[in-house]
1. Condition first: of a type outside the set (A, V, I, L, M) and either farther than 19 Å from Gly20 by Cβ or surrounded by fewer than 20 Cβ atoms within 10 Å (Cβ to Cβ) (or both). Now tell me which residues in region 64-76 satisfy that.
2. Are there any pairs, at least 6 apart or on different chains, whose C-beta atoms fall under 9 Å, with the first in region 66-85 and among the basic types (Lys, Arg) and the second assigned to a strand (DSSP E or B), and if so, which?
3. What pairs come up if the first residue lies in region 1-16 and is more than 11 Å from Asp81 (Cβ to Cβ) and among the charged types (D, E, K, R), the second is at pLDDT 90 or above and in a loop (DSSP other than H, G, I, E, B), and their beta carbons are under 6 Å apart, counting only those six or more places apart or on different chains?
4. Hey, Asp47 hits all of (1) surrounded by fewer than 18 Cβ atoms within 10 Å (Cβ to Cβ); (2) in a loop (DSSP other than H, G, I, E, B); (3) more than 11 Å from the chain's Cα centre (by Cα); (4) without any contact (Cβ under 8 Å) to a residue 40 or more places away in the chain but one; which does it fall short on?
5. With (1) closer than 14 Å to Cys24 by Cβ; (2) surrounded by fewer than 18 Cβ atoms within 10 Å (Cβ to Cβ) as the list, and Lys59 as the residue in question, which single condition is left unmet?
6. Do you know which residues across region 29-53 are charged (D, E, K, R) and either under 14 Å from Arg76 (Cβ atoms) or in contact with an Asp or Glu (Cβ under 8 Å, 6 or more places away or on another chain) (or both)?
7. For Ala54, all conditions in the list (1) in contact with a Lys or Arg (Cβ under 7 Å, 6 or more places away or on another chain); (2) at pLDDT below 95 hold save one; what is the number of the exception?
8. For region 9-28, name all the residues that are at pLDDT 95 or above, of a type outside the set (D, E, K, R), in contact with a His (Cβ under 9 Å, 6 or more places away or on another chain) and under 23 Å from Cys78 (Cβ atoms).
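The values are calculated or read from the model by the stated rules, or taken from the named source; none is laboratory data. What you see is a predicted model; the values in this text were computed from it and never measured. Don't worry about glycine lacking a Cβ; one is built from the backbone with ideal geometry, like all the others, and counts go over all protein chains shown.
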Amino acid sequence: MLTCEHIAEAQNQPPRTPEGCEECLSVGMRWVHLRECLSCGHVGCCDSSPGKHATAHYKESGHPVVASFEPGEDWRWCYVDNVIG
């Protein structure tokens, strides 16, 4: 796997909404998979979900790295470098 400085420097943060996507929960939407921002702990839904809230959070905040928030998955994605690590 390739890596980048953003992934290498990313720190785990406590999830802000451990029960699911922050925005979907607030409006009653459903999600497919969850991603957690490693800069602030925002939990958002993936791009296969109708809301695409994880990517929207990146575009609004500039926070570069998310991690899968799915049980049994252990990977990170850098939006800046388009690299999984």
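1. Narrowing region 64-76 to residues of a type outside the set (A, V, I, L, M): 64, 68-76.
Answer for region 64-76, where residues must be of a type outside the set (A, V, I, L, M) and either farther than 19 Å from Gly20 by Cβ or surrounded by fewer than 20 Cβ atoms within 10 Å (Cβ to Cβ) (or both): Pro64, Ser68, Glu70, Pro71, Gly72, Glu73, Asp74, Trp75, Arg76.
2. Listed pairs, sorted by first residue: Arg76/Val65; Arg76/Val66; Arg76/Ala67; Arg76/Ser68; Arg76/Val83; Arg76/Ile84.
3. Once the first residue is more than 11 Å from Asp81 (Cβ to Cβ) and among the charged types (D, E, K, R) and sits in region 1-16, its partners that are at pLDDT 90 or above and in a loop (DSSP other than H, G, I, E, B) give Arg16/Gly41; Arg16/His42.
4. Only one criterion in (1) surrounded by fewer than 18 Cβ atoms within 10 Å (Cβ to Cβ); (2) in a loop (DSSP other than H, G, I, E, B); (3) more than 11 Å from the chain's Cα centre (by Cα); (4) without any contact (Cβ under 8 Å) to a residue 40 or more places away in the chain is unmet by Asp47, namely (3).
5. Checking Lys59 against (1) closer than 14 Å to Cys24 by Cβ; (2) surrounded by fewer than 18 Cβ atoms within 10 Å (Cβ to Cβ), the one that fails is (1).
6. Filtering region 29-53 down to residues charged (D, E, K, R) leaves 30, 35-36, 47, 52.
Listed by number, the residues that qualify are Arg35, Glu36.
7. (2)
8. Within region 9-28, Pro15, Thr17, Cys21 qualify.
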